[in-house]
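Read the structure below first, then the notes.
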Amino acid sequence: MGGIKNQYVKRTQKDYSMSLKLSIISEIERGDISVTSATKKYGIQGRSTVVGWLRKYGTFDWENQTPGNMPKSKDQKINVLEKQKAFLEKQAEQSDMKAAFFDMMVDMAEKEYNISIRKNSLPEQSTDSAKKTK
């Protein structure tokens, strides 16, 4: 094994053929190599270059964070789950705000029109549930 194979080769964007890009993407998506390992193996200056190719030509659905055929490492799965969690937390917060607004509107309507909008349960429902439990 010669030292030339392990030597870092500085390249410019023009040096990467489409076939090389697709080959690297294929290796990463199969799980044979990581993005960082690919940059070292092929002498690519920045990790973001390879990530850009993955976004552009890969099978991973970056918009929706769902896998195409791309196996995920534990870190990738955690990253996707964290993004999904943040999205769901934002939705839950918006739902809570809508519920609070709805409650406020019902309170205002009850006071304004002097009527009871909220009811604990209908008498028919309570007797039906009582019959089912007997």
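The table for this structure:
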{"read-out": "In the stretch 77-110, the residues that are β-branched (Val, Ile, Thr) and either modelled with pLDDT under 75 or at positive phi (or both)", "value": "Val80"}
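Every residue, every condition in (1) at pLDDT below 80; (2) surrounded by fewer than 12 Cβ atoms within 10 Å (Cβ to Cβ); (3) within 15 Å of Ile28 (Cα to Cα), yes or no:
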| residue | (1), (2), (3) |
| --- | --- |
| Arg47 | no, no, yes |
| Gly52 | no, no, yes |
| Tyr57 | no, no, yes |
| Glu63 | yes, yes, no |
| Asn69 | yes, yes, yes |
| Lys72 | yes, no, yes |
| Asp75 | yes, yes, yes |
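The values are calculated or read from the model by the stated rules, or taken from the named source; none is laboratory data. Remember, it's a predicted structure, so these values are computed and weren't measured experimentally. Counting neighbours? That spans all protein chains shown, and the Cβs are built from the backbone with ideal geometry, glycine included.
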